[in-house]
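Novice: My structure is below; once you've seen it, I'll send some questions.
The values are calculated or read from the model by the stated rules, or taken from the named source; none is laboratory data. Predicted model, so just to flag it, every value in this text is computed and none were measured. Positions of Cβ are generated from backbone atoms using ideal geometry, with glycine treated the same way; all protein chains shown enter the neighbour counts.
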Amino acid sequence: MLESIDIHCHIMPGVDDGSPDTDTSLKMLKIAVESGVRNIILTPHHKPMHHNVSPKHNAAYRQKLQEVAWDNGINVNLYSGNEMYFSDDTMADLECGNICTLAGSDYVLVEFHPTNPYKAIHNALYQVQGAGFTPVLAHVERYSDVVSHPAYVRDLVDMGCYIQVNANSIMGKYGFGTAHFTKKLIKEDLVHFVATDAHDTVRRAPHLAECRKYVERKYGLDTADRLFYDNPLSVIHNEII
Ligand SMILES: [Fe+2]
């Protein structure tokens, strides 16, 4: 099985609406490894007005989970990250170093409310860039204004943003319209990462293999390699994609 790297998941236990405990995290890691994933960036939510995990605790919890995983024979490497819900408050947190970038790189995973207008998303990502970071827009298929105007995605890519879609969206778990939109973007070379956004072991489990096979069959081996392995590896190495 070809190796993949997951840059967006909620496997860190007890810190957000993802895995509630270490047992569940271990089950999720097993599913990921069975799906060909050997490197995972843990991205707990960082939201305004929430009790967010600090970078110091993020590193400690990641290290603890890493040790338990290895003790249980799960061959996986874990990295720290966050999924930053954009607001003025979280932007200030990012600038003060209170948010983990992806694996310590310049890349930051950023999400918005699904009904945010494109203009707000664009301006926010511009601010993230202005602060010296490289934004990765989490699950682009979730923002209704962007879905209605796919050309906006090219604008974002042209301004230097990177685009992530969820594997489940490509595989049709959120309906035909969402699947169609994500595939149109892949076809137009406007997607940089496919990730799981896993929250549990069932409905939102960390499966990537099936989606990778599908993307390879439909768009070719090079595209699949890029979206599931090469681009994520560039993030881990903090290289420009
Ligand atoms: Fe997420």
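Novice: Does residue 218 satisfy the criteria of being within 13 Å of residue 4 (Cα to Cα) and more than 16 Å from the ligand (Cβ to nearest atom)?
Specialist: Answer is no for this residue.
Novice: Just checking, how many residues over the stretch 122-139 are under 13 Å from residue 156 (Cβ atoms) and either within 16 Å of the ligand (Cβ to nearest atom) or without any contact (Cβ under 8 Å) to a residue 12 or more places away in the chain (or both)?
Specialist: So in the stretch 122-139, the residues under 13 Å from residue 156 (Cβ atoms) come out as 122-126, 128-129, 134-138.
Restricting the remaining residues to those that are either within 16 Å of the ligand (Cβ to nearest atom) or without any contact (Cβ under 8 Å) to a residue 12 or more places away in the chain (or both) gives 123, 135-138.
Of the residues in that region, 5 qualify.
Novice: Can you report the number of residues in the stretch 72-128 which are in contact with a strand residue (DSSP E or B) (Cβ under 6 Å, 6 or more places away or on another chain) and among the charged types (D, E, K, R)?
Specialist: The number of residues fulfilling the criteria is 3.
Novice: Also, I was wondering about something else. Of all residues in the stretch 187-197 being out of contact with any helix residue (DSSP H, G or I) (no Cβ under 6 Å at 6 or more places or on another chain) and outside any loop (DSSP other than H, G, I, E, B), which is nearest to residue 156 (Cα to Cα)?
Specialist: This residue is 187.
Novice: Restricting attention to the stretch 67-88, and to residues there that are surrounded by fewer than 15 Cβ atoms within 10 Å (Cβ to Cβ) and among the charged types (D, E, K, R), which single residue is farthest from the chain's Cα centre (by Cα)?
Specialist: 71
Novice: Considering only residues of the stretch 89-101 that are over 20 Å from residue 195 (Cβ atoms) and assigned to a loop (DSSP other than H, G, I, E, B), which is farthest from the chain's Cα centre (by Cα)?
Specialist: Only one residue fits best here, namely 96.
Novice: Here's another thing I want to ask about it. Tally the residues that are farther than 9 Å from residue 45 by Cα and either more than 9 Å from the ligand (Cβ to nearest atom) or without any contact (Cβ under 8 Å) to a residue 60 or more places away in the chain (or both), restricting the search to the stretch 7-21.
Specialist: Adding up the residues that qualify gives 8.
Novice: Test residue 31 against the criterion of being modelled with pLDDT of 95 or more, within 16 Å of the ligand (Cβ to nearest atom) and of a type in the set (Val, Ile, Thr), and give yes or no.
Specialist: So residue 31 does not fit the description; no.
Novice: Can you find even one residue in the stretch 204-223 that is in a loop (DSSP other than H, G, I, E, B), in contact with a Lys or Arg (Cβ under 9 Å, 6 or more places away or on another chain), surrounded by fewer than 18 Cβ atoms within 10 Å (Cβ to Cβ) and free of Cβ contacts under 8 Å to residues at least 40 places away in the same chain?
Specialist: No - not one qualifying residue is present in the stretch 204-223.
Novice: Of the conditions (1) away from the ligand (no atom under 16 Å from the Cβ); (2) more than 18 Å from residue 54 (Cα to Cα), residue 97 clears all except one; give me its number.
Specialist: Only one criterion is unmet by residue 97, namely (2).
Novice: Right, another one. Would the stretch 172-188 turn up any residue that is of a type in the set (D, E, K, R), within 16 Å of the ligand (Cβ to nearest atom) and more than 20 Å from residue 5 (Cβ to Cβ)?
Specialist: yes
Novice: OK, next. Please pick out the residue among 184, 173, 218, 213 that is within 25 Å of residue 126 (Cβ to Cβ) and basic (Lys, Arg). If you could, list the steps in order and put the result at the bottom.
Specialist: Working: 173 fails: within 25 Å of residue 126 (Cβ to Cβ); 218 fails: within 25 Å of residue 126 (Cβ to Cβ); 213 fails: within 25 Å of residue 126 (Cβ to Cβ).
When all the criteria are applied, what remains is 184.
Novice: Only one of these conditions is not met by residue 104: (1) in contact (Cβ under 8 Å) with a residue 60 or more places away in the chain; (2) within 16 Å of the ligand (Cβ to nearest atom). Which number is it?
Specialist: In the conditions (1) in contact (Cβ under 8 Å) with a residue 60 or more places away in the chain; (2) within 16 Å of the ligand (Cβ to nearest atom), residue 104 misses (2) alone.
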